[in-house]
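The values are calculated or read from the model by the stated rules, or taken from the named source; none is laboratory data. Computed from a prediction, not measured in an experiment: that's the story for all the values here. Using ideal geometry, Cβ is built from the backbone for each residue, glycine included, and neighbour counts are taken over all protein chains shown.
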Amino acid sequence: MIFILSLVITFLAIVIWRIARRKVQENLVTYRSVVTVSVLAAGVFGVLASLQCFTQIPAGHVGVVDFFGVVSDRTLRAGINPVNPLAHVVKYSIQTQEHKETMEVLSREGLTIGLEVSALYRLNPDSAASVYKTVAGGDYETIILIPQFRSICRAVTASFQASALYSTERERLGATIQEELAKTVAPRGVTIENTPIRNVALPTQLTEAIEQKQRADQESQRMEFILTKEKQEADRKRIEAKGIADFQAIVAAGISEQLLRWKGIEATEKLASSTNTKVIIVGAGKDGLPIILDTK
């Protein structure tokens, strides 16, 4: 519209300029200002009309060219692009965007779970023209992404047990939602980068039951450790006692009457050689050994 208006004004300015120029040549001084104004108007609106032949696409965007209902499959990239001045250019962002959802979903057991999840997505540049032609108003987020995102979150969560989402299965839930959502919206030109789980709110009774079970498991593991330690200590004492018994058996087997008599003779000889020994008491019995006492 601006292009056509600029052309019309430029054309009229040129016509006025030629008429006024002819009057000036006839020495009609009053038309000289008209010549100047018409030249300036023709120049300004001529430049404005020329600028309509180009369009500027911001960084992180693409442009879709719509020429009276005929949409070009070739999208315009970021920068300055030549374009039909009569065409309408629609600009789409291809930057990564985030959509957050907070909803109540059901688990496999039928328990109500509070789920807070995000979807990181972006528009496929090559699909911008298709989105413009097939989605009302080109609002693919409201019409395609959000309804599918909510539906898939509910469907996927219904296949998980609530207790599993308390710990280990949370990452797998996010990965499954991303996979299912990507399969659904990718044919419509939307790329899903990630669907992180921000928070999972379980029912209070279930949370307390899970915590009690975890405490019981920890106590059971502690008792198992204590029993293992006591068993190892009992085994150690049993081995030590067996070693002492074996030692005593070996020693008892090596002691004889002759050995004991010989040891007694050796002890008597040592007592007799002592300078402090004054009294010797002979032991009783057939083989009684003498006992030497100090009289001091």
(Q) So, in region 130-148, how many residues would count as being buried (at least 16 other Cβ atoms within 10 Å of the Cβ) and small (G, A, S)? (A) 2
Q) Yes or no: L120 within 30 Å of T75 (Cα to Cα), touching a residue at least 24 places away in the same chain (Cβ under 8 Å) and surrounded by fewer than 16 Cβ atoms within 10 Å (Cβ to Cβ)? A) yes
Q. Could we say that Y121 is of a type outside the set (G, A, S), modelled with pLDDT of 90 or more and touching a Lys or Arg at 6+ places or on another chain (Cβ under 9 Å) here?
A. no
Q) Taking region 32-60, which residues are surrounded by fewer than 16 Cβ atoms within 10 Å (Cβ to Cβ) and modelled with pLDDT under 85? A) R32, S33, T36, V37, L40, G43, V44, V47, S50, L51, C53, F54
**Q.** Test: residue in region 189-196 that is surrounded by fewer than 11 Cβ atoms within 10 Å (Cβ to Cβ) and either part of a helix (DSSP H, G or I) or at pLDDT 75 or above (or both)
**A.** no
**Q.** Residues of region 74-89 satisfying the condition of being touching a helix residue (DSSP H, G or I) at 6+ places or on another chain (Cβ under 9 Å) and surrounded by 15 or more Cβ atoms within 10 Å (Cβ to Cβ)
**A.** T75, P85
Q) Under the condition of being in a helix (DSSP H, G or I) and of a type in the set (S, T, Y), which residue from region 162-187 is nearest to Y140 (Cα to Cα)? A) T184
Q: Look at E104 and say whether it is surrounded by 14 or more Cβ atoms within 10 Å (Cβ to Cβ), over 29 Å from G63 (Cα atoms) and either charged (D, E, K, R) or touching a Pro at 6+ places or on another chain (Cβ under 7 Å) (or both).
A: no
Q) In region 61-73, which residues are out of contact with any Leu (no Cβ under 8 Å at 6 or more places or on another chain) and surrounded by 10 or more Cβ atoms within 10 Å (Cβ to Cβ)? A) H61, D66, V71, S72, D73
Q. Which condition breaks for K91 when tested against (1) farther than 18 Å from L181 by Cβ; (2) at pLDDT below 90?
A. (2)
Q. Going by the structure shown, is F149 of a type outside the set (G, A, S) and within 22 Å of the chain's Cα centre (by Cα)?
A. yes
Q. Quick one: I144 ticks every box in (1) in contact with a Gly (Cβ under 9 Å, 6 or more places away or on another chain); (2) within 14 Å of L202 (Cα to Cα); (3) not hydroxyl-bearing (S, T, Y) bar one, so which box is it?
A. (2)
Q.
Being without any contact (Cβ under 8 Å) to a residue 24 or more places away in the chain and under 22 Å from V135 (Cβ atoms) is the filter here; which residues of region 79-109 pass it?
A. A87, H88, E98
**Q.** Residues that are of a type outside the set (S, T, N, Q) and not in a helix (DSSP H, G or I), drawn from region 146-161
**A.** A158, F160
